[in-house]
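The block underneath contains the structure these notes are about, expressed in structure tokens.
What follows draws every value from the coordinates through simple rules; no lab data is involved. None of these values were measured; they are calculated from a predicted model. All Cβ positions, glycine included, derive from the backbone under ideal geometry; neighbour counts span all protein chains shown.
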Amino acid sequence: MNTVLIYSSEFSERLQYILDFFWKGNYAWTHSAEDFNIHIGSKICYANEKPDGNSYWICPIGLLSETHIQTQNFQISYWNELPVFFQAKGDLGFDIFAASFYLLARYEEYLPHEKDKYGRYAETNSLAFKEKFLRLPLIDLWRQQLENILQVKFPDYQPEKRTFQYTPTFDIDMPFAFLHKPFYVHIGAFAKNILHGNKNVLQQQIATWLGKMQDPFDSFSLLNVQMRQYDFQPIFFFPVAKRYGQFDKNPPQSNITFQQLIQQQSRLFDIGLHPSWQSGDCNIILTQEKTYLEKTSGKKITKSRQHYIRMTLPETYQNLINTGIEEDFSMGYGNIDGFRASTSRTFYWFDLSKNEATQLSVHPFCWMDATAYHHTKESPEQVFSNLQYYYEIIQSVGGHMITIMHNNYFAPTSDMAAFREAMLSFWKKLIR
């Protein structure tokens, strides 16, 4: 692609960040109106007034020249059937750079807001939820439309060719249903099943303990075969909490079978850390868990995804950076599917509290099986339909589709059979 020349009176941290996201350095900047006017080729004027009639004019609203955080006002209108805000004069009619920055930097998450029962930023606070564009990779669609305009105005302009990618990721919250847990947990679960008359579960529990059947959550052979058959490059995220708790239910760190599972998966595929609930309140615990996973797997751990998608900006990401994490896969919601940052593309995190870009790569996910099963309560048919929808819209913008699944949702049990089949069917259709 050819280089786009951007004219602006100032080149702020925020402006540089969003231009890098749009064009990955395939742009030049000038504050000289004279140099801009004599330039021949594709060029964008990002200023209050347009110095050259042969450029494309995007008028700034001022957000990118600021260094502070404050409440923003919104009025939603539509451009090429896409919702837009931060309306301004100019050829485009809105400040696409400021609007994209607002969504991508998660500006709204730094403002006062209500939290959900897990202490997370509730999706109902977000502009995308309120204005019903959460299921759209809106920034990607905006950029695609802008590139179409530039191609018409500047015949030599060639946008970057982007190729669709799909990465299945797995959170191994509970590797086993009945095995390799603290003794008191086994006894408690046994008593609970008797008390509630869970005859089928009780029979499975006893049969598993006696070695007469495989633990229902041990679906790793199935997953590994699927990943190899379709030539996927999955990532398995392991929680390695030292203490068992209400939200942390992995086997003890000392359990040999658990260690062997980590080693097995790390030999076959990429793995990452699934920081425990406990580590969210203590950076020392986070560091200890990362160290344990590195020692057990024999690999340097640079990827993570927050357990229960428990994250608070900027603290969570600052802690991850300080611990040596380079890539995070937590950008999404736990209660609903969609695009939390309004993009399907990987991007670097911008720390608004310091008003600077970081080197932490953020990989957004769009769909999670636990959300579909427990929160939105999708039927198997809806699961397949939603996965197909995300595949098609992300493919249309050349984005990166990331899904979250759990080993226990592939259990060979009657309540999971149809749900599991929907996910397996999606994989099968995806590679045709």
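For the chain, the longest principal axis of the Cα atoms and the long axis of helix 183-195 meet at an angle of about 80 degrees.
Sites listed here are trypsin sites (Lys or Arg not before Pro) in the stretch 1-89 whose DSSP assignment is loop and whose Cβ has at most 15 other Cβ atoms within 10 Å: 24, 89. Under the simplified labelling scheme, the residue 148-residue 67 pair shows an inter-label distance of 4.0 nm, with each label point 7 Å from Cα along Cα→Cβ. Counted over the chain, the DSSP beta bridges are approximately 25% antiparallel.
Taking 35 Å as R0, compute the FRET efficiency from the Cβ-Cβ separation of residue 221 and residue 125 and round it to 0.05.
The value I calculate is 0.25.
What FRET efficiency comes out for the pair residue 299/residue 161, r = Cβ-Cβ distance, R0 = 22 Å, nearest 0.05? Don't jump to the answer; show the numbers that get you there.
On the way: r = 32 Å, r/R0 = 1.47.
Once rounded, the FRET efficiency stands at 0.10.
Remark: the residue 377-residue 174 segment gains 71.0 nm on full extension, using 0.36 nm per residue and subtracting the alpha carbon distance. Taking a straight Cα-Cα cut-off under 19 Å and skipping sequence neighbours fewer than 8 places away in the same chain, the lysines within cross-link reach of residue 295 are 242, 303.
Restricting attention to the stretch 4-153, close to 40% of DSSP beta bridges with both partner residues there are antiparallel.
A value for percent of Cα pairs over 38 Å apart was derived from the coordinates, and within the list (1) 19; (2) 23; (3) 28 it appears as (3). Taking loop as defined by DSSP and a crowding limit of 13 other beta carbons within 10 Å, which trypsin sites (Lys or Arg not before Pro) in the stretch 278-323 fit? Filter output for the stretch 278-323: 300.
Exposed loop sites here are GluC sites (Glu not before Pro) in DSSP loop states with at most 16 other C-beta atoms within 10 Å. What is the longest stretch of the chain lacking them? Walk me through the intermediate numbers first.
Values: sites that count: 10, 49, 66, 81, 114, 131, 160, 326.
That would be 161-325.
Taking label positions 7 Å along the Cα-Cβ direction at both residue 233 and residue 424, the computed distance is 2.7 nm, reported to one decimal. Using a simple spin-label model with pseudo-atoms 7 Å out from Cα toward Cβ, residue 13 and residue 257 lie 5.0 nm apart.
Here's the picture: a label point sits 7 Å out from the Cα of residue 207 along the beta-carbon direction, and within the stretch 215-238 the residues with their amide nitrogen under 15 Å of it are 215-218.
Phi angles across the stretch 286-298 convert, under the Karplus curve 6.51 cos²θ - 1.76 cosθ + 1.60 with θ = phi - 60°, into 3J(HN,Hα) values of 4, 5, 5, 5, 4, 4, 4, 5, 5, 5, 6, 7, x Hz, Gly and Pro given as x.
Which number gives the lysine pairs in the stretch 4-153 that have C-alpha atoms under 18 Å apart and are eight or more places apart or on different chains? Don't jump to the answer; show the numbers that get you there.
Details: 24/43; 43/89; 43/153; 50/89; 50/153; 115/130.
The number of close lysine pairs in the stretch 4-153 is 6.
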